[in-house]
Amino acid sequence: MGTVLTARQHAETMTQYVAEGIERAKALGNRGPLRLDSNGKLTPDILDAYNRTGFYIFEGAIKQDEIDLLRADMEWLLDRAPVDNGAEVDHQGRPAYGQDFARPVYSMIQPLADPWGGTKALNGRHPTQMAQPVAADQPPHKVVFIMTGMCQTMPSGLRLYGHPDLLSVAASINGDDFVPYNDAIFIKQPGRGGSVSWHQDGVTHWENPSWDSSIHGFNFQVQLFDTTARSCLWVVPGTHKEGKIDIKARVAANQGVEQLPDAVPLYCSAGDVTIVNRQALHGSFANTSDDLRISLTFGFHKRSSVLGAAGALSESESVVYDAARIAKRSEVVSVAIDARAKFYPEETRFHYQPLASQEEELRFSDETWQRVIKDYNLNDLSI
Ligand SMILES: O=C(O)CCC(=O)C(=O)O
């Protein structure tokens, strides 16, 4: 889009698109409760709908009391964000949180900006730029766009990572020997949140002779608040099966307009959890709505997709993911399971098959927090 829109104009351009998108979404049949069969795996109808469309919405998968704890941790973290990338102080002049970690916790942007679209960032996987409307009362400060490291920044985030139903979903899709990818919390503040331009997440296996529709894994998003079609993630159904898509050409064929005609919104209630195939074409628009969206995003892969692969996205290309690196990053899953089991003793804990013999040494404690959790995201497994 060539002209700069005000936030109000942008919101108006969304009105009809949103209404039509909701109708398309309703017809897909890929939302409902998270159901597992007697073997602890997703029921076949859910897997079929996920494999057909490239995403699924598990309604009410996280209970309200857990959502409340996640919200409380997030509120504290947002209050302690630095005033800019690399700044040492927060909005009250206090030391900003997170300076002890090796990787920055917060990524800050101008309100309603698209920081990646049309740039070479993240292997250039966002080739077109979204509209960047001007915020109504343009604030002088930046806003939090993304936060990383939820297992070390939020006790509730570590426990969520060990959720038995979510880990059962990971095992159902990627096999019992599934491995972690990374995590990121997308923050879309009302009238402020930036956009994430159309992209497919995976970058490694497009030319792999063994390529298939699930080779780049999937991401969960746990929604802390109700999120409407104006603030949520949008996906083009079925695109996870198409191979690498020429996104520039697709947007050009839509007269350069970012509102792709066949995309659908993943609108959710607080406590809903989405899964999205990382090969599906997806993105989100500048948040000119009144909704606050906070989406805790974390992914899992098939072990075979990661073992021997070179680093990509935020990981150095010179790194090769060997068995030791995979084991190191996977230990976070085991510690998270134990942290959760200690907090929710009535729940049946998940048994993570790859580290089954190490459950004792991966109990949650001060020692494992320092050894396994602190700076765990230096070992993310991005492909
Ligand atoms: O939630 C969003 O707005 C973007 C999420 C996304 O692009 C991703 O998880 O890859």
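The values are calculated or read from the model by the stated rules, or taken from the named source; none is laboratory data. Quick caveat: nothing in here was measured; it's all calculated off a predicted structure. Note: ideal-geometry Cβ built from the backbone for every residue, glycine included; neighbour counts use all protein chains shown.
A compact table of results
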item: Residue ID - nearest to the ligand (Cβ to nearest atom), chosen from residues in the stretch 289-308 that are surrounded by fewer than 20 Cβ atoms within 10 Å (Cβ to Cβ) and over 21 Å from Ala184 (Cα atoms); result: Asp290
item: Filter result for the condition that a residue is under 20 Å from the mean Cα position of the chain (by Cα) and not aliphatic (A, V, I, L, M), over Pro82, Pro95, Pro133, Pro127; result: Pro127
item: Residue check for Ala336: exposed (fewer than 14 other Cβ atoms within 10 Å of the Cβ) and hydrophobic (A, V, I, L, M, F, W, C); result: no
item: Subset tally (residues that are surrounded by 14 or more Cβ atoms within 10 Å (Cβ to Cβ) and either modelled with pLDDT under 95 or more than 25 Å from the chain's Cα centre (by Cα) (or both)) for the stretch 343-357; result: 0
item: Criterion (farther than 20 Å from Asp226 by Cβ and either assigned to a helix (DSSP H, G or I) or in contact (Cβ under 8 Å) with a residue 40 or more places away in the chain (or both)) met by exactly one of Glu66, Glu23, Glu12, Glu75; result: Glu12
item: Some residue of the stretch 110-127 being closer than 16 Å to Ile187 by Cα, in contact with a strand residue (DSSP E or B) (Cβ under 9 Å, 6 or more places away or on another chain), outside any loop (DSSP other than H, G, I, E, B) and touching a residue at least 24 places away in the same chain (Cβ under 8 Å); result: no
item: Neighbours by Cβ (under 6 Å, 6+ apart or cross-chain): first from the stretch 162-177, over 17 Å from Arg329 (Cβ atoms) and among the hydroxyl-bearing types (Ser, Thr, Tyr); second modelled with pLDDT of 95 or more and not in a helix (DSSP H, G or I); result: Ser168/Leu36; Ser168/Gly40; Ser172/Lys41; Ser172/Leu42
item: Subset of the stretch 228-247 (residues that are in a loop (DSSP other than H, G, I, E, B) and either at positive phi or within 15 Å of the ligand (Cβ to nearest atom) (or both)); result: Thr228, Ala229, Arg230, Ser231, Cys232, Leu233, Val236, Gly238, Gly243, Ile245
item: Single residue of the stretch 86-100 satisfying the filter (without any contact (Cβ under 8 Å) to a residue 24 or more places away in the chain and farther than 21 Å from Met150 by Cα) that is surrounded by the most Cβ atoms within 10 Å (Cβ to Cβ); result: Arg94
item: Any hit, the stretch 260-271, residues being in contact with a Gly (Cβ under 6 Å, 6 or more places away or on another chain), of a type outside the set (A, V, I, L, M, F, W, C) and within 15 Å of the ligand (Cβ to nearest atom); result: yes
item: Complete set of residues in the stretch 189-223 that are closer than 17 Å to Tyr56 by Cα and away from the ligand (no atom under 12 Å from the Cβ); result: Ser213, Ser214
item: Matching entry among Arg250, Arg278 (being crowded, with 17+ Cβ neighbours inside 10 Å, more than 14 Å from the ligand (Cβ to nearest atom), at pLDDT 95 or above and more than 20 Å from Ile22 (Cβ to Cβ)); result: Arg250
